[in-house]
Amino acid sequence: MSDTNTGKQTALVYAECAEGSLRRVALEALGAARLLVGDGGSVHAVVVGGGASAAAALQTAAAELAARGAEVVHVVDDPALAGFAPEAYAAAIGAAVAAVQPSIIVLGHTAAGRELAPRVAAAVSGGHIADVTAVDVAAGGGAAAIFTRPLYAGKAFEQRRFLPGAPQVITVRPNNLPVAEPVAPGSEGTVAALAYSAPPLWTIVRDVVRKASGRIDLAEADIIVSGGRGVRSADGFAPLEELAAVVGGAVGASRGACDAGYCDYSLQIGQTGKTVTPKLYIACGISGAIQHLAGMSQSRVIVAINKDPEAPIFGVADYGIVGDLFEVVPLLTEQFRALLGNPGS
Ligand SMILES: Cc1cc2nc3c(=O)[nH]c(=O)nc-3n(C[C@H](O)[C@H](O)[C@H](O)COP(=O)(O)OP(=O)(O)OC[C@H]3O[C@@H](n4cnc5c(N)ncnc54)[C@H](O)[C@@H]3O)c2cc1C
């Protein structure tokens, strides 16, 4: 909690791992926590997992967090935590909360973070602000901090702050806040094992069926090359895949392309798909329906390629190319390959 004599804040970050590695949003959450507590405050982190191969991965993740400003990284390693079970993970975070007594708890706004944050907020009788895209501490941290979050699928923003007195739980949207920078050598934090008591589970993960193996996670991708009904077929995605490989990006899609069977629904971006905020979004053969814009209009730079100059996507694009995507995309790929020194080939 905040020390009532000194006003110093303590934050706890739930640092999510995926496939044995820290997700980048965990480092963004750590950056937000450091900003919120300020120079005099302290930041702890908790990593959670289990199973045969987890121990080494959790230790690697913990070392990275400790090197980037987490004073103590609590490692909850238990076979029962091998698969994601919200009740169990919330209990593991709860053990860290009990140990740290934080006034601020930060999670990534991921599928897991969205499940966990309300449970954590309820457990600490705290407030919850979800899907934060900016943190303003100009007037101070704690209850003075102002959090920006999008509303109505990105058509408006609201600014919220907490009322004093209760723990604050926030989730931060991936790709919006800077990652925590490494601390000076010698000032790294420590890593400590933390026990938790496993709660009764109401559901368990029986199996995970991976649909987009080998692809970069859309939610965390810096660059997304997205295809719409204009790609005309599953094979029509090949040039987009190639461009994405060259620029180190992920491939996404409109619902039009998914409905037409050109690609899997796991790629769908929009109101009923994923929300993404990459640095660069290249929309190929996508008209720009409002439901698609809902998932990508907050991208930093939007490039639209469409043969219809009246396509609504040009209304949100920073750069528009009127042309046939099957001519434009290979040209872009060639140019990027030359610029970036022949990667992806
Ligand atoms: C409740 C609801 C939820 C929805 N949720 C989503 C969602 O989450 N995500 C989503 O994307 N949609 C969603 N939709 C669907 C949305 O309304 C649109 O139907 C859909 O986005 C259209 O996909 P599209 O742009 O690929 O296809 P189209 O609208 O058919 O556009 C295809 C575009 O490709 C261009 N084109 C064709 N050939 C070429 C070429 N060779 N080169 C360049 N350009 C070319 C055309 O000019 C056209 O602009 C939702 C709809 C509803 C009602």
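For the range 318-340, which positions are over 18 Å from R229 (Cα atoms) and either acidic (D, E) or part of a loop (DSSP other than H, G, I, E, B) (or both)?
Within the range 318-340, D318, E334, L340 qualify.
Anything in the range 113-123 that is in contact with a helix residue (DSSP H, G or I) (Cβ under 7 Å, 6 or more places away or on another chain), farther than 21 Å from G142 by Cβ and surrounded by 19 or more Cβ atoms within 10 Å (Cβ to Cβ)? List them, or say none.
L116
Would you mind stating whether Q268 is within 24 Å of the chain's Cα centre (by Cα) and at pLDDT 95 or above?
yes
Any idea which of (1) touching a helix residue (DSSP H, G or I) at 6+ places or on another chain (Cβ under 6 Å); (2) more than 21 Å from L30 (Cα to Cα) is the one H74 doesn't satisfy?
With (1) touching a helix residue (DSSP H, G or I) at 6+ places or on another chain (Cβ under 6 Å); (2) more than 21 Å from L30 (Cα to Cα) applied to H74, the lone miss is (2).
Is at least one residue of the range 201-222 part of a strand (DSSP E or B) and surrounded by 18 or more Cβ atoms within 10 Å (Cβ to Cβ)? Step through it out loud before you land on a result.
Residues of the range 201-222 part of a strand (DSSP E or B): none.
There is no residue in the range 201-222 that is part of a strand (DSSP E or B) and surrounded by 18 or more Cβ atoms within 10 Å (Cβ to Cβ).
Could you give every pair whose Cβ atoms fall below 7 Å, whose first residue belongs to the range 1-14 and is farther than 15 Å from V124 by Cα, and whose second residue is at pLDDT below 70 and among the small types (G, A, S), counting only separations of at least 6 or pairs across chains?
Short answer, once both residue conditions are applied: K8/S2; Q9/S2.
Let's see how each residue does on (1) touching a Phe, Trp or Tyr at 6+ places or on another chain (Cβ under 8 Å); (2) surrounded by fewer than 17 Cβ atoms within 10 Å (Cβ to Cβ):
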{"residue": "P79", "(1), (2)": "no, yes"}
{"residue": "P86", "(1), (2)": "no, yes"}
{"residue": "A95", "(1), (2)": "yes, no"}
{"residue": "A98", "(1), (2)": "no, yes"}
{"residue": "A153", "(1), (2)": "no, yes"}
{"residue": "R160", "(1), (2)": "yes, yes"}
{"residue": "G165", "(1), (2)": "no, yes"}
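Within the range 263-286, how many residues are assigned to a loop (DSSP other than H, G, I, E, B) and farther than 19 Å from E327 by Cβ? Don't jump to the end; show me each part of the working.
Of the residues in the range 263-286, the ones assigned to a loop (DSSP other than H, G, I, E, B) are 263-264, 270-273, 275-279, 285-286.
Then drop every residue that is not farther than 19 Å from E327 by Cβ, which leaves 263-264, 270-273, 275-279.
Residues meeting the conditions: 11.
With respect to P182, determine if the residue is modelled with pLDDT of 85 or more, in contact with a Pro (Cβ under 9 Å, 6 or more places away or on another chain) and either within 26 Å of H74 (Cα to Cα) or among the hydroxyl-bearing types (S, T, Y) (or both).
No; evaluated as a whole, the condition is false for this residue.
Scanning for something part of a helix (DSSP H, G or I) and among the charged types (D, E, K, R), does the range 104-118 turn up at least one residue? Before you say what the answer is, go through the steps one by one.
Keep residues of the range 104-118 that are part of a helix (DSSP H, G or I), which gives 111-118.
Still in the running and among the charged types (D, E, K, R): 114-115.
Yes, because at least one residue in the range 104-118 is part of a helix (DSSP H, G or I) and among the charged types (D, E, K, R).
For A99, work out the one condition from (1) part of a strand (DSSP E or B); (2) in contact (Cβ under 8 Å) with a residue 24 or more places away in the chain it doesn't fulfil.
Failed condition: (1).
Can you pull out every residue in the range 298-314 that is among the small types (G, A, S), within 12 Å of the ligand (Cβ to nearest atom) and either surrounded by fewer than 20 Cβ atoms within 10 Å (Cβ to Cβ) or in a loop (DSSP other than H, G, I, E, B) (or both)? If you could, list the steps in order and put the result at the bottom.
Our first condition is that a residue be among the small types (G, A, S); within the range 298-314, this holds for 299, 304, 311.
This time we only want the ones that are within 12 Å of the ligand (Cβ to nearest atom), so: 304, 311.
Correct list: A311 only.
So in the range 317-334, with the set limited to residues that are surrounded by fewer than 18 Cβ atoms within 10 Å (Cβ to Cβ) and aliphatic (A, V, I, L, M), which one is nearest to the ligand (Cβ to nearest atom)?
Out of the qualifying residues, it is V322.
What's the total number of residues in the range 282-297 that are more than 9 Å from the ligand (Cβ to nearest atom) and closer than 21 Å to G236 by Cα?
1
Limited to the range 270-291, what total is found for residues that are under 16 Å from K155 (Cα atoms) and hydrophobic (A, V, I, L, M, F, W, C)?
Here the count works out to 3.
Please indicate, with yes or no, whether at least one residue in the range 216-226 is touching a Ser or Thr at 6+ places or on another chain (Cβ under 8 Å), closer than 21 Å to F336 by Cα, more than 11 Å from the ligand (Cβ to nearest atom) and not aliphatic (A, V, I, L, M).
Here is the first cut: in the range 216-226, the ones touching a Ser or Thr at 6+ places or on another chain (Cβ under 8 Å) are 219, 224, 226.
In the following step, the residues that additionally are closer than 21 Å to F336 by Cα were identified as 224, 226.
The next check asks that each one be more than 11 Å from the ligand (Cβ to nearest atom); those that pass are 224.
The next check asks that each one be not aliphatic (A, V, I, L, M); those that pass are none.
No, the conditions are met nowhere in the range 216-226.
From (1) farther than 28 Å from A63 by Cα; (2) in the same structural domain as A32 (by TED's automatic domain parsing), pick out the condition that doesn't hold for R232.
R232 satisfies every listed condition except (2).
Could you tell me which residue of the range 247-263 is farthest from the ligand (Cβ to nearest atom), considering only residues that are within 19 Å of E220 (Cβ to Cβ) and touching a helix residue (DSSP H, G or I) at 6+ places or on another chain (Cβ under 7 Å)?
This residue is V247.
Scan the range 193-201 and give yes if some residue there is under 20 Å from the mean Cα position of the chain (by Cα) and not assigned by TED's automatic domain parsing to the domain that holds S299, otherwise no. Let's see the steps before the verdict.
In the first step, residues of the range 193-201 are kept if they are under 20 Å from the mean Cα position of the chain (by Cα); the result is none.
There is no residue in the range 193-201 that is under 20 Å from the mean Cα position of the chain (by Cα) and not assigned by TED's automatic domain parsing to the domain that holds S299.
The values are calculated or read from the model by the stated rules, or taken from the named source; none is laboratory data. As the structure is a computational prediction, the values presented were derived from the model and not from experiment. Reconstructed Cβ throughout: ideal geometry from the backbone, glycine too, with neighbour counts over all protein chains shown.
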